[in-house]
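The values are calculated or read from the model by the stated rules, or taken from the named source; none is laboratory data. What you are looking at is a predicted structure, and each value in this text was computed from that prediction instead of being measured. Heads up, the Cβs are rebuilt from the backbone with ideal geometry, glycines too, and the neighbour counts pull from every protein chain shown. Surface areas here come from the heavy atoms of the whole protein model, side chains and all, with no ligands, DNA or RNA. Shrake-Rupley method; radii C 1.70, N 1.55, O 1.52, S 1.80 Å.
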6 protein chains.
Amino acid sequence: MSRRARILVINPNSSVAVTEAIDTALTPLRLSAGPEIVVARLEQGPIGIASQRDADSVILPLADWVKRDDADAFVLACFSDPGLHTVREAAGGRPVMGIAEWGLLRALTMGERFGIIALSPASIRRQQRYVRQMGIDGRYAGSTAVDAMAADTASPAMRDRLIAAGACLVRERGADVVVLGCAGMASHRRAVEEAIRRPVVEPTQQAVAVAISALLLKDS
Amino acid sequence: MSRRARILVINPNSSVAVTEAIDTALTPLRLSAGPEIVVARLEQGPIGIASQRDADSVILPLADWVKRDDADAFVLACFSDPGLHTVREAAGGRPVMGIAEWGLLRALTMGERFGIIALSPASIRRQQRYVRQMGIDGRYAGSTAVDAMAADTASPAMRDRLIAAGACLVRERGADVVVLGCAGMASHRRAVEEAIRRPVVEPTQQAVAVAISALLLKDS
Amino acid sequence: MSRRARILVINPNSSVAVTEAIDTALTPLRLSAGPEIVVARLEQGPIGIASQRDADSVILPLADWVKRDDADAFVLACFSDPGLHTVREAAGGRPVMGIAEWGLLRALTMGERFGIIALSPASIRRQQRYVRQMGIDGRYAGSTAVDAMAADTASPAMRDRLIAAGACLVRERGADVVVLGCAGMASHRRAVEEAIRRPVVEPTQQAVAVAISALLLKDS
Amino acid sequence: MSRRARILVINPNSSVAVTEAIDTALTPLRLSAGPEIVVARLEQGPIGIASQRDADSVILPLADWVKRDDADAFVLACFSDPGLHTVREAAGGRPVMGIAEWGLLRALTMGERFGIIALSPASIRRQQRYVRQMGIDGRYAGSTAVDAMAADTASPAMRDRLIAAGACLVRERGADVVVLGCAGMASHRRAVEEAIRRPVVEPTQQAVAVAISALLLKDS
Amino acid sequence: MSRRARILVINPNSSVAVTEAIDTALTPLRLSAGPEIVVARLEQGPIGIASQRDADSVILPLADWVKRDDADAFVLACFSDPGLHTVREAAGGRPVMGIAEWGLLRALTMGERFGIIALSPASIRRQQRYVRQMGIDGRYAGSTAVDAMAADTASPAMRDRLIAAGACLVRERGADVVVLGCAGMASHRRAVEEAIRRPVVEPTQQAVAVAISALLLKDS
Amino acid sequence: MSRRARILVINPNSSVAVTEAIDTALTPLRLSAGPEIVVARLEQGPIGIASQRDADSVILPLADWVKRDDADAFVLACFSDPGLHTVREAAGGRPVMGIAEWGLLRALTMGERFGIIALSPASIRRQQRYVRQMGIDGRYAGSTAVDAMAADTASPAMRDRLIAAGACLVRERGADVVVLGCAGMASHRRAVEEAIRRPVVEPTQQAVAVAISALLLKDS
């Protein structure tokens, strides 16, 4: 590539805390020879994606941003994968990755049945629909909610609740791999994994990693 | 009910022809003692829902309309069921029916495997996702596209193409019941059914019928 | 229609209490301009459909009744949907609706995972088979039995057991919508719904509502 | 066992030709030290099970016969497995095997996707329901009908049509193992297998074989 | 058959205790007029199949043994069904049955949802993969581990743990039929069945029974 | 990392041509700052993985190699993913990726229904089992065989056959994304994609890309 490629990771909510948590989580994927990874938030987005309306409200802004931005690839950093297919249309062939999609697919290779730590009962229902839509519900152990807003998930106080939710998924639902169901939970991945002694997947890292690969491979 | 109940049927596209086709199709469901059935189009909607962006672009306008309208029940008269869950949130407990949802569920009771007559390959992919999301893909024979815009489907010239598509679903995909995959196709239901000799479901009629029932039953 | 259309709702068991519970539940669907709705019981039917033999024993009597009766549509008001396909053959094209079928389909539009309040462990096994046969087991949270006969379900004393069963489906099986698994439970629908704070579906109402629509739409 | 055990194989239709075809097919399973195998037809049964009513009409006669007969195990030799669960109730713990059930399960071990040679389009729809009810539709390639009555299937003239149907299932539906969908087709198994060069399962043999085993193992 | 047919049942592990348990369990299937049933152990096999490597390590030895042995049919008596398809290739058309495969298929005819008593969490994961591979996961209630090695399962001390595991599958997972997930558990089948009051399937018996039938039927 | 990390990509067959095709395909993934990517062939492996025995015969050699090699991550570059779980046990926590697994998962994000270009009918059956085992058969359109050995797939003469197979999957099976079912086909990816105008996935690239990410992320 003549110029350095750039991946734009968009946090569809406007929370600075969540955006920073995402940015930090991507540090290991920033290679000198690899694409630039820029994390940004949708300033007009809601403070967190809680309702279905929240998720749907960011679709057109995301698509418009992607259309006018000359980044080489995009990652939608909200576990609802809001507007994934519309954004793909807007991207004109440039790769667009959803974090739920890639968090779940990565989990399929680390255990037999995945569980999801969800923000709320409403997110659980969205996850149930999405897992069925992806056609992977035969591997789905279930979701457990921590009853939090996205913006709170990055706080240290959240860690124990995430561990409790992860342990519940393993013990009561038979999950043997757990996916963090919000981009804001990224900083807790390792602690939850060590506490529950099963693999824990941080989804934004997975989506960005695949976006990098897609750029590297695009001319081959 | 002290005042007569009202069902608002919203055509999310702005096509007058489609709106009129819907209105005509609902005549048999207008009972003197039953709820009033009003059909309206989303004036700012696209002329047809072709892309995923088209579908997603109407979600907030639909939700806002529903929130401010005092109708007693709502039907979203586009086979993509755009924004169904967001509109339900906006309706505050009032019934909201999607026509794809109800066209497909009705078909489940009329045969073993349903096929869908789609507008285009892009609609087929949306239908594949939606059928999986509904969890009824074990009954899905497939979709066939007539390669038309919604606004054209009401025209007499379309009839032969719909019949050909329906026959293809029966003969090549093993469908034994066929669903019309666009509200604009309503006037052709009977002709297609007679030509292919298998039940053909007009989805808006089904969704409105269930909306009527939901109103009748809401206090019981 | 020159004469007023008539829907015959047949309770396949001979219980007068269940038949009356059904009749009462249908009051809201009786419109002056709509079809007449007649509820009758199969006098030679068992007092309740408990065993698989009970269910199978009513098939030919139901089919014969439907064949000789000139009603315009039929509803089989037993949650086993006994003989649904044979009765359809006998009806010669007139609509025949099963209450399990329609109770479950309606539930699909009110939540992500439905549970069923069953009479007994034997009914649970029939429900498991039927849900698989319908191809909607990906949405099925499970059934819980109240260990009662159909004829007892209409009694006030049953209400607390239904509520406990519904709450169990929500809390332990992850159901977010509940279907009453016996026509006799109809009078408790609202109380259970209010107690468990999730939608509760009374299946006979749903099947009759669709029968009405089918009649209204039959010439369109 | 003090007396020799006896397996009663009941052909639910009244066709003598089908009954004889079944009887001949079971010759290899008649061991001097094994259970006696008696094949009988339901004299009041229809000449063939064509409609759903045909299938349902034999349930009570089969259950009553099984209840009063002191045979040690039973096989229902019609590919609709009519009344399987009711007959099991009547058998009071004695084994009851269905031929569809065992023909299909055996096929699961001989290929990845099974096809069924059906009598008619109506039998295909029953098979689709039954395969879903068994929960093995993920392995089902489809059915093809020869448009014949059960009583005709034993005739030499049928062989070419069975071969054509089997070849169609392999070539067009991707079946790699084929099940004969009527007990009367038994005498053609080998010829079809040799012609299509894929395993062909005769279902009555399979069901009787498992009935023998169940008797041998019942006290262990 | 000119000479008496012989079925070779191979215990892929080298445990004498397990081999003896298998041999005893097959006594009822040894008929004077039927095939000879020989049980042997793979001497170079591991003492038990605990890891996936254990399972994979026996594939080539099993295939080589089958290739050079002139037995008429083979049963692989380990619940991992190790190398089933490779052994089938080696058998050159002679029947090869896996015990997991046949234990599970038999269970499908004795209840609606089967559970498996597993040796360990690692076996549970293999079972989850295998049940999905068989395409019968819609009928799978789950597995529970007794945390034992195969060689220990035949001991009297194991009985109570098997009963506890079986009861757990029924009570907590909704299983209504239970499969013993190790050939070594054979002697406990009846005791577990009586304790949990649901059918319990011993898988080696089922696989051998079908091997017998396959031999009896091979020339028909 | 103190020393540069290394990914060992093992071609389980001994074909030099296939190994070279793999090596070339990975060029875009070799970053100066990223892990070293070494491609090697299993010298004692068969010339191609054609039979199930071929696939199973390489499991222990692969596991032993992985155990004694100090590479940081491994990719099994055969579309049968032979011994994936045993190799994972041997790797002691180091990442092990299968190319079928990752080729298929990547395809899930590029279309609704994936097809696979297979070497032979025997590979198709392995793919059918594997897709079911992965639990993604709801997205599987089917496989088409080019009837070739792995070692031949890299030849220019193969290109037209791959294009024909890919076009067949799109046109006749309804695939909208195609996966190359052999590592040796890598050099044809782009040509097939351009010819059939649907995304074509080269699976080894995908698996190696994820191995790179797993290494980058392992301490986060």
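Here are a few things to note about the model shown:
- For region F:73-81, 3J(HN,Hα) per residue [Karplus equation, 6.51 cos²θ - 1.76 cosθ + 1.60, θ = phi - 60°, Hz, x = Gly/Pro]: 7, 9, 10, 8, 9, 9, 5, 7, 6
- Per residue, the average separation of C-alpha pairs within less than 8 Å and at least 6 apart gives chain E a relative contact order of 25 percent.
- Working value for region B:100-202: equivalent-ellipsoid semi-axes of 19, 15, 12 Å, each the square root of 5 times a Cα gyration tensor eigenvalue, largest first.
- For region E:100-202, the carbon plus sulfur part of the accessible surface works out to 49%, probe radius 1.4 Å.
- Applying the Kirkwood pairwise sum to the alpha-carbon positions of region F:1-139 produces a hydrodynamic radius of 15.8 angstrom.
- A simple charge model with +1 on the Cβ of Lys and Arg, -1 on the Cβ of Asp and Glu and nothing else charged puts the dipole of chain A at about 360 debye relative to its Cα centre.
- Think of the axis that spins chain C onto F; the C residue whose C-beta lies nearest it, and the distance in whole Å, is C:Gly138, 5.
- For C:Met97, the residues whose amide H sits under 5 Å from its own are C:Phe74, C:Val75, C:Leu76, ignoring neighbours fewer than 5 places away on the same chain, with H placed 1.01 Å from N.
- Note that region E:63-70 has calculated 3J(HN,Hα) couplings of 5, 5, 4, 4, 5, 8, 8, 9 Hz, one per residue in order, obtained from phi through the Karplus relation 6.51 cos²θ - 1.76 cosθ + 1.60 (θ = phi - 60°); glycine and proline are x.
- Whole-number D in µm²/s for region A:50-109 (Stokes-Einstein; Kirkwood sum over Cα pairs; 20 °C, 1.002 mPa s): 181 µm²/s
- Annotation: B:Asp147 carries an accessible surface of approximately 100 Å², with a 1.4 Å probe and no ligand, DNA or RNA atoms counted.
- Residue (of B:Asn13, B:Thr27, B:Leu108) at the positive-pole extreme of chain B, dipole from beta-carbon charges: B:Leu108
- Within a Gaussian network of chain B (alpha carbon springs, distance under 10 Å), most fluctuating of B:Leu108, B:Leu119, B:Leu180: B:Leu108
- Dimensionless Rg ratio for the protein assembly as shown, taking C-alpha atoms and the 2.2 N^0.38 Å reference: 0.91
- The loop-placed GluC sites (Glu not before Pro) in region E:1-89, going by DSSP, that have at most 16 neighbouring Cβ atoms within 10 Å of their Cβ come out as E:Glu43.
- Less than 5 angstrom separates the built amide H of F:Ala118 from those of F:Thr144, F:Ala145, F:Val146, all sequence-distant by 5 or more or on a different chain.
- Taking θ as phi - 60° and the Karplus parameters 6.51, -1.76 and 1.60, the scalar couplings of region B:10-21 work out to 9, 7, x, 9, 9, 6, 5, 4, 5, 4, 5, 4 Hz in sequence order, x denoting glycine and proline.
- Whole-number percent relative contact order across region D:100-202, with pairs defined as alpha carbons under 8 Å at least 6 apart: 35 percent
- Amide proton proximity set for F:Glu112, modelled H, under 5 Å, gap of 5+: F:Asp176
- Estimated buried accessible area (total), pair A and F, 1.4 Å, Å² to nearest 100: 2800 Å²
- Point-charge dipole on Cβ atoms (K/R +1, D/E -1) for region E:1-122, about Cα centre, debye to 20: 260 debye
- Calculated mean residue ellipticity at 222 nm for chain A: -13000 deg cm²/dmol, from DSSP H runs with n ≥ 4 weighted as -39500 (n - 2.57), summed, divided by the residue count and rounded to 500.
- Considering only D:Arg106, D:Arg68, D:Arg159, the mean-square fluctuation computed in a Gaussian network model of chain D, springs between alpha carbons under 10 angstrom, is largest for D:Arg68.
- Residues in the protein assembly as shown average 33 Å² of solvent-accessible surface per residue, probe 1.4 Å, ligands and nucleic acids excluded.
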